[in-house]
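Enquirer: Structure in structure tokens, see below.
Quick note: the coordinates plus some simple rules give every number you see, no bench work behind them. No experiment lies behind these values; they were computed from the predicted model shown. Here the Cβ positions follow ideal geometry from the backbone for every residue, glycine too, while neighbour counts run over all protein chains shown.
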């Protein structure tokens, strides 16, 4: 009898332990399925995309100076790098031949004037005809125009500075014969003109850049300090030599510091007129990225994680820009995402 009671007691204890185990096991499982995560609140913002360019500095009034007439250079008064003032004499031609032409034109005009006056006097005495008067007047007018032409060429047989600035290059020497229009000097108005960073860009960059877009420009001489500027020109045709389009970024600062023509510079253009609306999220929050898409986990009740598909608009130094997919999200899960599945239970740390 005692043996039977002993077995019944053992069975009762076993059943009691099984019952307790059945009651506590689901509780442990529930707690083990709740995953601790960290979240941040999502804030929509507008971000401008940037385009990196590089090029060389010039000015908006750089000009090639030349003689109007063909001749031999008599004297050059400046050297490369010299500062020049508006109206300053820079070079002259040998004027022997030009002065001879000018004197011939002046004598021809004086003779035509005398002939015209003589014919007018004869016409008043009824000796000359009206046709003769008219022909004499035409000859005098032609001589006057010829004199004006030679005087104009004489005036441009010397080169004078168009504005205050510097001589960038001297392209000819004294004693050299130059043709009409051949460049002798390259000058700029660095003292008063605006500095420009002229850059070559691809067709895709050209389409994204707009007149008026702000830019930051850096040079070695500025010690890395950025200069403010804006896009002021876009070429309408590609350079046949390299296939690139040309753009000008004009520095808007009055005193840009030490800049010289031909100096190399880097620019960052911000597309201010074409902002990208979206969200900025940390890199670690993005999962299964594939080109322009990826997945993140979000939560609206701080109890359940939801897996959503997002569209990646761009990547910056320390964050990813999302353009679509987070419209209805409350908070973004940034830690613990690797252990989550859609509709996982979470607890906020």
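Enquirer: Sort 196, 268 so the one with the fewest other Cβ atoms within 10 Å of its own Cβ comes first. Could the numbers behind the result be given before it?
Expert: Details: 196 25, 268 15.
With the fewest neighbours first, 196, 268 line up as 268, 196.
Enquirer: Set the Förster distance to 41 Å, then compute FRET efficiency between residue 148 and residue 202 from the Cβ-Cβ distance, nearest 0.05.
Expert: On the way: r = 51 Å, r/R0 = 1.25.
Efficiency, from the Cβ-Cβ distance: 0.20.
Enquirer: Another one. Based on the Kirkwood radius over alpha-carbon pairs, what is the Stokes-Einstein translational diffusion coefficient of the stretch 39-111 at 20 °C with 1.002 mPa s viscosity, in µm²/s?
Expert: Estimated diffusion coefficient is 114 µm²/s.
Enquirer: Using R₀ = 56 Å, calculate the FRET efficiency as 1/(1 + (r/R₀)^6) where r is the Cβ-Cβ separation of residue 129 and residue 74; round to 0.05. All intermediate terms of the calculation are to be shown ahead of the outcome.
Expert: Numbers: r = 50 Å, r/R0 = 0.89.
Step by step, r from the Cβ atoms, then E = 0.65.
Enquirer: Can I ask one more? Write down Rg/Rh for the stretch 96-156, rounded to two decimals, with Rg from the C-alpha atoms and Rh from the Kirkwood relation over Cα pairs. Walk me through the intermediate numbers first.
Expert: Numbers: Rg = 14.0 Å, Rh = 12.3 Å.
Ratio of gyration radius to Kirkwood radius: 1.14.
Enquirer: Say each of residue 258 and residue 216 gets a label point 7 Å from the Cα, pointing the same way as Cα to Cβ; how far apart are those two points in nm?
Expert: With each label point 7 Å from Cα toward Cβ, the separation is 2.2 nm.
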